[in-house]
Amino acid sequence: MMGRTIFIDPGRCIGCQACVSACRECDSHRGKSMIHLDYPDEGHSVASLPTVCMHCEDPVAPCAEVCPADAILVTADGVVQQADTTRCIGCANCVNACPFGVPKIDLQAKLQMKCNLCYDRTAYGLAPMCATVCPTGALFYGTVEELQAERPGVQVADSFTFGSSTVTTGVAMVVPADKVQWPVPGGLPGSQLPLVEVNGADVR
């Protein structure tokens with residue numbers, strides 16, 4: 001986990017989409033939002049879940065590993081950058097490699113686009129746009145110590161399993177203390193995933 005990073009707390013998300021609107025204002029991709037707001041039980045629950053790039057650390061970000069053009073760079077502080085527009089060939093290898101489903105291809109521009117942790121802000125000590133505007137703290141930017149000081153007893157996870165593979169990430173997820181297991185299952189068949197309560201709905 002990176003020193004200062006985003007902590008995603010799904011139980012606090014109210015689906016207001018303030019993060020989506022704020023992300024569109026980021027100078028590196030103005031007009032396009034790099035954050036996805038998912039509704040895991042749409043039509044039956046108001047549960048919502050913000051999805052940002054998890055900035056994978058171990059193994060090195062899968063998206064960067066499979067890029068044939070070396071267009072996806074990882075900074076010294078662990079931020080996985082959006083593809084360099086002068087190198088990206090729009091092959092979508094990164095889209096297929098990402099276990100969290102984060103990178104997207106702009107079909108018109110034939111370029112990969114994804115969250116880069118608002119690096120134009122975080123490199124200067126400012127919080128990402130999404131965390132700045134989140135009214136409930138579902139997206140918290142800071143250190144794990146700052147998070148735990150504000151929310152005593154909170155548990156966070158930065159490693160996730162996908163089949164036989166485990167991915168350690170720079171961004172962390174807040175996990176209900178009574179349902180925690182390490183690493184957190186991800187990408188498994190639904191019947192194998194633990195039920196977690198988010199906004200009153202049981203989701204896998």
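General observations
- For the chain, the solvent-accessible area works out to 49 Å² per residue, with a probe of 1.4 Å and every protein chain left in place.
- The largest accessible area among Cys26, Cys91 belongs to the first residue in Cys91, Cys26, and the rest follow in falling order (1.4 Å probe, all chains).
- A Cβ-based charge dipole, computed about the Cα centre of the chain with Lys and Arg at +1 and Asp and Glu at -1, lands at about 440 debye.
- A simple count of charges around Thr168, restricted to other residues whose Cβ falls under 9 Å of its Cβ and scoring Lys, Arg +1 and Asp, Glu -1, yields -3.
- For the range 1-119, the Cβ-based charge dipole about the Cα centre amounts to some 340 debye (Lys, Arg positive; Asp, Glu negative; other atoms uncharged).
- Computed from phi, the 3J(HN,Hα) profile of the range 120-127 under the Karplus parametrisation 6.51, -1.76, 1.60 (θ = phi - 60°) reads 5, 9, 5, 5, 10, x, 8, 6 Hz, with x in place of Gly and Pro.
- By DSSP, the beta bridges lying fully in the chain are antiparallel in about 85 percent of cases.
- Other residues with beta-carbon under 14 Å from the beta-carbon of Thr5 carry, at +1 per Lys or Arg and -1 per Asp or Glu, a net charge of -4.
- Fraction of accessible area attributable to carbon and sulfur, the chain (%, probe 1.4 Å): 51
- Only Lys, Arg, Asp and Glu carry charge here, each on its Cβ (+1 for the first two, -1 for the last two); on that basis the range 47-107 has a dipole of about 220 debye about its Cα centre.
- Of the trypsin sites (Lys or Arg not before Pro) found in the range 98-148, those in coil by DSSP whose Cβ has at most 16 other Cβ atoms within 10 Å are Lys110.
- With contacts taken as Cα pairs under 8 Å and at least 6 residues apart, the chain reaches a relative contact order of 28 percent.
- Scanning the chain for cysteines with no neighbouring cysteine C-beta under 4.7 angstrom from their C-beta gives Cys13, Cys16, Cys23, Cys26, Cys56, Cys67, Cys88, Cys91, Cys98, Cys118, Cys134.
- Placed amide H near Leu111: partners under 5 Å, 5+ positions off or other chain: Asp106
- A simple rule links phi to the HN-Hα coupling: the Karplus curve 6.51 cos²θ - 1.76 cosθ + 1.60 with θ = phi - 60°, which for the range 159-170 gives 9, 9, 9, 10, x, 9, 9, 10, 10, 9, 10, x Hz, with x for Gly and Pro.
- Think of the range 1-82 as having a plus end and a minus end, set by charges on the Cβ of Lys, Arg, Asp and Glu; of Ala64, Ala22, Pro50, Ala22 sits farthest toward the positive end of this dipole.
The values are calculated or read from the model by the stated rules, or taken from the named source; none is laboratory data. Everything numeric in this text was worked out from a predicted model, so none of it was measured. When we count neighbours, we look across all protein chains shown, and the Cβ atoms used for this are built from the backbone with ideal geometry, even at glycine. With ligands, DNA and RNA removed, areas are computed over all heavy atoms of the protein, side chains included. Shrake-Rupley method; radii C 1.70, N 1.55, O 1.52, S 1.80 Å.
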